[in-house]
Amino acid sequence: MKLVPFVLEEWLAKYRDSVPHHLGMSTGPKWTLAELRALMSDAERDAFDHAALTYTPSNGREPLRAALASIYGAKAEELVVFNGGAEALLALFFVAGEPGANVVVPTPAFAPFMEVPRSLGVEARRYALRLENGFALDVDEIVRLVDARTKLIMVNTPHNPSGAVASEEAIRALDEFAQRRGIPFVVDEVYHPIYHGAAARSAAEYSRAAVLGDFSKSFSLPGLRIGWILERDARRRKELENAHAYFTVCASMPSELLAEVAARNRETIWNRARTVTAQNLTPLTEWCAENEEWVEWVCPRGSMTAFPRLRGVADARPFCVAAAESGVLLALGEAFDAPAHFRIGFGLAMPGYREALGILSEVLASRRWAA
């Protein structure tokens, strides 16, 4: 019942305050409290300034849930608000936990997908997303992992760390399979709707899948620590609400009020992220082409991160260390169970993004990481 060290957070914490170019981030352009307040109407600003710092309803304030539900064409009652996507994941895996249970999750992936269920005594069965086929879902592989003890099937799209986007065909097939077997099917969509090229619909618009979202990724507001799950099954929704009530009781009143403003002004917020990611993805694409002798990748179709792989090495950590020592922070591939890779963000508004990529080119050319 012990959690293993959180490699990603330990790595980022080691360098984030000392490295000038932070490309290890997985979120988008920063927002200040003043900028969010500027989006408020006079009435909203007055309500925020005079709000009592009391408990909020355990499932979230109705105005916030209604604003989030409107993203999907859903009902406010179908949403549960959590303290970030991390708590939402914990609740999902906790509710799935029972002796002998298993969950089916992707790899490479955000470490809690695997380590949280394991810490709860639940087997985490992993299906592979492979660079060679564009990190696409293999429905047949996922189905083969399912048995009578499977309590949850998880998909992540746009995918962290690769930015791959699952097809509607694959999501529909998995949803139909999960419905036949009576297994909860969850789609983590924390990067929806940040896409590069053709936009994808939320799984909530064409399936019965539960959908996980938060304000940290596509909204670029990680400091709010607000996440949510859209769950149309009333029994499962009640179980999630109960877990949340035990874990943290409720979310913060100021955070919920600010999140409501963000949700109502979502296109303004998303468009800033779309603009910055488009600006940065162009030089990143050029950089990967210029360094294809050492790097192979799949250009992300969504999200704010890419997941290149170093050619001819089993572990990219020495390269990431050399990059950090040279002034550019990347995220270790081993943190996602793919040590030959590294994650590189392109969501922050950084005037020195091309400069940072130039430093990475120098590190690659030096080959000191390959010694």
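The values are calculated or read from the model by the stated rules, or taken from the named source; none is laboratory data. These figures come from a predicted structure and were not determined experimentally. Cβ coordinates were reconstructed from backbone atoms using ideal geometry, including for glycine residues, and neighbour counts include every protein chain displayed. To get the accessible areas, we keep the full protein, side chains included, count just its heavy atoms, and leave off ligands, DNA and RNA. Shrake-Rupley method; radii C 1.70, N 1.55, O 1.52, S 1.80 Å.
So, in the range 21-42, exactly how many residues are farther than 30 Å from Phe336 by Cβ and in contact with a Lys or Arg (Cβ under 7 Å, 6 or more places away or on another chain)? Within the range 21-42, residues that are farther than 30 Å from Phe336 by Cβ and in contact with a Lys or Arg (Cβ under 7 Å, 6 or more places away or on another chain) number 1.
If you go through the range 304-324 and keep only what is in contact with a His (Cβ under 7 Å, 6 or more places away or on another chain) and open to solvent by less than 10 Å² (accessible area, probe 1.4 Å), you end up with Phe307, Pro308, Ala316. Only a single item in (1) outside any loop (DSSP other than H, G, I, E, B); (2) surrounded by fewer than 23 Cβ atoms within 10 Å (Cβ to Cβ) is not met by Cys250, and it is number (1).
Of the strands (runs of 3 or more DSSP E) entirely within the range 119-189, those holding at least 1 residues that are of a type outside the set (Gly, Ala, Ser), touching an Asp or Glu at 6+ places or on another chain (Cβ under 9 Å) and without any contact (Cβ under 8 Å) to a residue 40 or more places away in the chain occupy 123-128, 185-188. Residues of the range 62-109 that are touching a residue at least 12 places away in the same chain (Cβ under 8 Å), open to solvent by 20 Å² or more (accessible area, probe 1.4 Å) and part of a loop (DSSP other than H, G, I, E, B): Gly73, Ala74, Asn83, Gly97, Glu98, Pro99, Gly100. Residues that are part of a loop (DSSP other than H, G, I, E, B) and aromatic (Phe, Trp, Tyr) within the range 190-218 comprise Tyr191, Tyr206, Phe215, listed in sequence order. Number of residues in the range 118-170 that are open to solvent by 30 Å² or more (accessible area, probe 1.4 Å), within 20 Å of the chain's Cα centre (by Cα) and over 23 Å from Gly333 (Cα atoms) equals 2. Here Cys299 passes the criteria (1) closer than 22 Å to Glu132 by Cβ; (2) buried (at least 20 other Cβ atoms within 10 Å of the Cβ) except the one numbered (2). Scanning the range 199-211 for residues that are more than 17 Å from Arg237 (Cα to Cα) and in contact (Cβ under 8 Å) with a residue 60 or more places away in the chain yields Ala200, Ser202, Glu205.
Taking the conditions (1) free of Cβ contacts under 8 Å to residues at least 24 places away in the same chain; (2) over 23 Å from the mean Cα position of the chain (by Cα) in turn, Ala13 satisfies each one other than (2). Among the residues making up the range 191-236, those that are among the β-branched types (Val, Ile, Thr) and either open to solvent by 40 Å² or more (accessible area, probe 1.4 Å) or more than 18 Å from Glu260 (Cα to Cα) (or both) are Ile194, Val211.
Within the range 38-55, being without any contact (Cβ under 8 Å) to a residue 12 or more places away in the chain and either within 30 Å of Gly163 (Cβ to Cβ) or not in a loop (DSSP other than H, G, I, E, B) (or both) holds for Ala38, Asp42, Ala43, Arg45, Asp46, Asp49. The criterion of at least 1 residues that are polar (S, T, N, Q) and within 21 Å of Val190 (Cα to Cα) is met by the following helices (runs of 4 or more DSSP H) wholly inside the range 255-370: 266-290.
Are any of the residues in the range 317-326 touching a Lys or Arg at 6+ places or on another chain (Cβ under 7 Å) and either closer than 16 Å to Ser26 by Cα or among the basic types (Lys, Arg) (or both)? Reasoning before the result, please.
Narrowing the range 317-326 to residues touching a Lys or Arg at 6+ places or on another chain (Cβ under 7 Å): 322.
From what is left, the residues that are either closer than 16 Å to Ser26 by Cα or among the basic types (Lys, Arg) (or both) are none.
Scanning the range 317-326 turns up no residue that is touching a Lys or Arg at 6+ places or on another chain (Cβ under 7 Å) and either closer than 16 Å to Ser26 by Cα or among the basic types (Lys, Arg) (or both).
The set of residues in the range 257-279 being buried (at least 22 other Cβ atoms within 10 Å of the Cβ) and of a type outside the set (A, V, I, L, M, F, W, C) consists of Glu260, Thr277.
Restricting the range 177-190 to residues that are under 24 Å from Glu98 (Cα atoms) and of a type in the set (D, E, K, R), which is surrounded by the fewest Cβ atoms within 10 Å (Cβ to Cβ)?
In the first step, residues of the range 177-190 are kept if they are under 24 Å from Glu98 (Cα atoms); the result is 177-188.
Applying the additional criterion that residues be of a type in the set (D, E, K, R) yields 180-181, 188.
Numbers: Arg180: 8, Arg181: 14, Asp188: 30.
The selected residue is Arg180.
Taken over the range 6-24, the criterion of being open to solvent by 90 Å² or more (accessible area, probe 1.4 Å) and either in a loop (DSSP other than H, G, I, E, B) or in contact with a strand residue (DSSP E or B) (Cβ under 8 Å, 6 or more places away or on another chain) (or both) is satisfied by Asp17, Pro20. Listed by first and then second residue, the pairs with beta-carbon distance under 6 Å, at least 6 apart or on different chains, first residue in the range 306-325 and among the basic types (Lys, Arg), second part of a loop (DSSP other than H, G, I, E, B), are Arg309/Ala340; Arg311/Trp294. Scan the range 53-65 and tell me whether some residue there is at positive phi, within 20 Å of the chain's Cα centre (by Cα) and not hydroxyl-bearing (Ser, Thr, Tyr). Among the residues of the range 53-65, not one is at positive phi, within 20 Å of the chain's Cα centre (by Cα) and not hydroxyl-bearing (Ser, Thr, Tyr), which makes the answer no.
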